[in-house]
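Student: Handing you a structure now.
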Amino acid sequence: MLKFASLGSGSRGNATLIQAGDTCLLLDSGFSLRELQQRLARLELTPDDLDAVLVTHEHGDHIKGVGPLARKYRMPVWMTHGTWRNANCGDIPELQLFGSHTPPFSIGDIEVAPFAVPHDAREPTQFTFSYRKLKLGILTDAGSFTPPLPAMESEAKAGRPQ
C-alpha cells in the first residue's frame, strides 16, 4: 500500500508524508520542529519514524524546519544543488544532492522520480513516488504549465491500475 497525508499546505508551512512498505518519507518541512512533532503525533508518528526528507525548493514555507529536523534526528535530506545553494537551513549532517533531471532513485522501499517545475526558486522540483505497481505524483508551487507536466500526467495515466 502507498499512503500519503498532508500535514499542512500553505504560506505558514508545507509538509506531506509518504509511506510504503517499511519506508516513511517527508516531502518538505516548512514547520518548526515542535509544530511538525505535533502534526505527526496526530497520525501516531514521531520524527523517529521518518527515513528521509525531500525538499522541493528553498522557500521558507517548505524548508524552515529541515535543518533542525536533520540535525536533531540525524535524518538524510535530499534536495537539488540549486536548492542547497539558496537554502538557509544550516548544517545538514546527511545531505544528498541530486539534479532536477536526475533518473529515479530509491529511498528504502520507495522509488523517487524528480522532475523540474517552473517556480521562482533556484532549481525547484516535484516528485512521483512509486511502490510496486502504485504511483503517487505530488505537484505544488508550479508557476506555469510547461511541457514536462503533460508528460508526467500521461505517464501517470499509463501506470494507473485498471
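The values are calculated or read from the model by the stated rules, or taken from the named source; none is laboratory data. No experiment lies behind these values; they were computed from the predicted model shown. Positions of Cβ are backbone-derived with ideal geometry, glycine not excepted, and every protein chain shown enters the neighbour counts.
Student: Can you say whether residue 74 is of a type in the set (Lys, Arg) and either under 13 Å from the mean Cα position of the chain (by Cα) or closer than 25 Å to residue 46 by Cα (or both), as far as the supplied structure shows?
Tutor: On the way: of a type in the set (Lys, Arg): yes; either under 13 Å from the mean Cα position of the chain (by Cα) or closer than 25 Å to residue 46 by Cα (or both): yes.
Taking the combined requirement at face value, the residue satisfies it.
Student: Evaluate the following for residue 16: is it polar (S, T, N, Q), in contact (Cβ under 8 Å) with a residue 60 or more places away in the chain and assigned to a strand (DSSP E or B)? Let's see the steps before the verdict.
Tutor: Working: polar (S, T, N, Q): yes; in contact (Cβ under 8 Å) with a residue 60 or more places away in the chain: yes; assigned to a strand (DSSP E or B): yes.
So residue 16 passes the test.
Here's the yes/no breakdown for (1) assigned to a loop (DSSP other than H, G, I, E, B); (2) of a type in the set (A, V, I, L, M, F, W, C); (3) farther than 19 Å from residue 6 by Cα; (4) modelled with pLDDT of 90 or more:
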{"residue": "122", "(1), (2), (3), (4)": "yes, no, yes, no"}
{"residue": "126", "(1), (2), (3), (4)": "no, no, no, no"}
{"residue": "141", "(1), (2), (3), (4)": "yes, no, no, no"}
{"residue": "144", "(1), (2), (3), (4)": "yes, no, yes, no"}
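Student: Go over the candidates 43, 95 one by one and state the one that is part of a strand (DSSP E or B) and of a type in the set (A, V, I, L, M). Walk me through how you get there before you give the answer.
Tutor: Details: 43 fails: part of a strand (DSSP E or B).
Only one candidate passes the filter, namely 95.
Student: Moving to a separate point now. For residue 23, are the conditions met, namely being within 20 Å of residue 126 (Cβ to Cβ) and either surrounded by fewer than 22 Cβ atoms within 10 Å (Cβ to Cβ) or of a type in the set (Asp, Glu) (or both)?
Tutor: It is true that residue 23 is within 20 Å of residue 126 (Cβ to Cβ) and either surrounded by fewer than 22 Cβ atoms within 10 Å (Cβ to Cβ) or of a type in the set (Asp, Glu) (or both).
Student: Could you check the stretch 104-120 and list, in sequence order, the residues that are over 22 Å from residue 2 (Cβ atoms) and either modelled with pLDDT of 90 or more or surrounded by fewer than 14 Cβ atoms within 10 Å (Cβ to Cβ) (or both)? Don't jump to the end; show me each part of the working.
Tutor: Applying the first criterion (over 22 Å from residue 2 (Cβ atoms)) to the stretch 104-120 yields 116, 118-120.
Within the stretch 104-120, just 120 meets the criteria.
Student: Could you count how many residues in the stretch 28-54 are in contact with a helix residue (DSSP H, G or I) (Cβ under 6 Å, 6 or more places away or on another chain) and at positive phi?
Tutor: The qualifying residues number 1.
Student: Looking at the stretch 72-100, which of its residues are in contact with a Gly (Cβ under 8 Å, 6 or more places away or on another chain) and either surrounded by 17 or more Cβ atoms within 10 Å (Cβ to Cβ) or free of Cβ contacts under 8 Å to residues at least 12 places away in the same chain (or both)?
Tutor: If the condition is that a residue be in contact with a Gly (Cβ under 8 Å, 6 or more places away or on another chain) and either surrounded by 17 or more Cβ atoms within 10 Å (Cβ to Cβ) or free of Cβ contacts under 8 Å to residues at least 12 places away in the same chain (or both), then 80, 89, 92, 100 are the ones that fit.
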